[in-house]
Amino acid sequence: MAVRGAIVVDNEKCKGCGVCVANCPTKTIALSHEVNGKGYNYAYMANPESCTGCTNCATVCPDSVITVYRVKL
Amino acid sequence: MDIKDIIKEENKVYGKTPVLTDNVMHYCPGCSHGVVHKLIAEVIEEMGIQDKTIGVSPVGCAVLAYNYLDIDWEEAAHGRAPALATAIKRLNPDKYVFTYQGDGDLASIGCGEIMHACNRGENIVVIFINNAIYGMTGGQMAPTTLLGMVTATTPYGRNAELNGYPLRLTELLAQLDGTCYVTRQSVQNPASVRKAKKAIQKAFENSMKKKGTSFVEIVGTCNSGWKMNPVKANQWMEENMFAKYPLGDIKDI
Ligand SMILES: Cc1ncc(C[n+]2csc(CCOP(=O)(O)OP(=O)(O)O)c2C)c(N)n1
Ligand code: SF4
Ligand code: SF4
């Protein structure tokens with residue numbers, strides 16, 4: 001893989017809508033079994049090694065809680 | 001490579017624009033309003049017009065939009081945002097002025113105001129969120145509700161004989177001489193979000209060219225009102241809404 005990516009989710013602001021999960025082409029994201037202070041199952045990198053930093057998840061996030069990082073290898 | 005070596009400021013490729021405040025949006029999880037707020041904020045940031053933009057928020061779920069975009073705002077009476085925006089723009093022609101309105105606000109109680117503002121060709125931007133329902137008040141039928149669609153006030157589905165037909169206001173507004181740009185977009189996946197952002201940017205740019213009114217409809221979801229989870233609501237929108245509300249530019253002069 002020529003690039004690697006990673007996301008940081010603001011766990012306390014995430015509402016667990018799941019739109020990022022449905023739009024991640026590499027199946028990196030899942031909703032956690034843990035809940036945040038509001039009782040939502042927040043998004044997290046379930047498969048961190050597969051993220052390409054494509055920004056799809058953050059682009060569709062209604063609450064702007066995802067920050068995306070990417071490095072060229 | 002370790003994750004912590006990737007998560008460094010110099011590797012950041014996407015994050016929240018500073019034009020959005022740090023307030024937690026009150027919208028339901030997955031609501032399209034949040035995505036559209038973000039796009040308007042990104043356009044304002046990229047155009048460098050944060051100090052020159054005045055928004056007019058509606059009555060509806062987006063009534064509190066002024067808590068989320070760090071710009072100047074006024075809040076209009078139900079449906080009257082285009083009238084208020086007319087005054088703001090005429091008094092401040094050097095400012096970028098936009099209204100942000102739902103389909104209940106714009107196509108129902110505010111139908112007269114939007115018609116006449118567009119017919120006068122006011123140099124404003126209108127962002128119209130069509131989720132085919134009254135979200136804020138608990139999911140009642142809107143003029144835009146699809147035939148057969150179940151809402152709180154059409155429990156057996158919208159029936160044309162009783163309730164009339166879904167109103168395609170955007171097509172009507174495109175026929176008025178005062179509009180210069182009329183488009184219909186959506187925000188359910190990355191490609192549509194990027195297209196919608198370009199449309200919003202074009203609308204803001206137009207508003208300084210004295211060309212008339214720019215009208216951007218965003219077909220969106222109200223997953224709470226539709227009684228579906230957010231991902232299912234996006235699918236339902238693609239399968240049902242786009243046939244009645246086809247995407248793309250209707251007018252661009
Ligand atoms: C004069 C007046 N009439 C009716 C209402 C009740 N009301 C509040 S919001 C709303 C409609 C909201 O629907 P929409 O514009 O589609 O926005 P959404 O909440 O779906 O984003 C209505 C009828 C009101 N607040 N004021
Ligand atoms: S950046 Fe792309 S690959 Fe990485 S988690 Fe987000 S959608 Fe998936
Ligand atoms: S009621 Fe509907 S329009 Fe209002 S915030 Fe919830 S999902 Fe969005």
Relative contact order [Cα under 8 Å, 6+ residues apart], chain B, whole percent: 19
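Suppose only helical runs count, i.e. DSSP H with n ≥ 4. What mean residue ellipticity at 222 nm does that imply for chain B under -39500 (n - 2.57) per run, divided by all residues and rounded to the nearest 500 deg cm²/dmol? Walk me through the intermediate numbers first.
Details: 9 runs with 79 residues, N = 253.
Taken over chain B, the calculation gives -8500 deg cm²/dmol.
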B:HIS33 - accessible surface, heavy atoms, 1.4 Å probe, Å² rounded to 10: 10
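Which of the three applies to chain B, rounded, prolate or oblate, going by the alpha-carbon gyration tensor with a ≥ b ≥ c and a/c under 1.5 meaning rounded? Kindly include the intermediate steps, with their values, before the conclusion.
On the way: a/c = 1.69, a/b = 1.11, b/c = 1.52.
Oblate.
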Solvent-accessible surface (1.4 angstrom probe) belonging to B:THR153, in square angstrom, nearest 10: 80
Cα centroid of the range B:1-69 to Cα centroid of chain A, whole Å: 17
Amide hydrogen neighbours beyond the local backbone of A:CYS51, cut-off 5 Å, H modeled: A:GLY5
Heavy atoms of B:PHE204 accessible to a 1.4 Å probe, total area in Å² rounded to 10: 0
Karplus-derived HN-Hα couplings along the range B:92-108 (A = 6.51, B = -1.76, C = 1.60, θ = phi - 60°), whole Hz, x at Gly and Pro: 10, x, 8, 9, 7, 10, 9, 9, 10, 9, x, 6, x, 5, 8, 8, 10
Separation of the B:ASN67 and B:LYS232 label points, Cα + 7 Å toward Cβ, nm: 2.8
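Under a 1.4 Å probe, what is the accessible area of chain B per residue, stated in Å²? List each step's numbers first, then the result.
On the way: 10500 Å² over 253 residues.
That works out to 41 Å² per residue.
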Accessible surface of the protein assembly as shown, 1.4 Å probe, proportion on carbon and sulfur as whole %: 52
Residues along the range B:178-205 losing 10 Å² or more of accessible surface when the other protein chains are present rather than the chain by itself (probe 1.4 Å): B:GLN188, B:ASN189, B:PRO190, B:VAL193, B:ARG194
Shielded by partner chains, the range B:227-245 residues - at least 40 Å² of accessible area, 1.4 Å probe, vs chain alone: B:VAL231
Accessible area buried between chains A and B, both sides summed, probe 1.4 Å, in Å² to nearest 100: 2700
Per DSSP, loop GluC sites (Glu not before Pro) in chain A with at most 10 further Cβ within 10 Å: A:GLU34
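The values are calculated or read from the model by the stated rules, or taken from the named source; none is laboratory data. Computed from a predicted structure; not experimentally measured. So basically every Cβ, Gly included, is an ideal-geometry build from the backbone, and we count neighbours across all protein chains shown. What goes into the accessible areas is simple: the full protein's heavy atoms, side chains included, and nothing from ligands, DNA or RNA. Shrake-Rupley method; radii C 1.70, N 1.55, O 1.52, S 1.80 Å.
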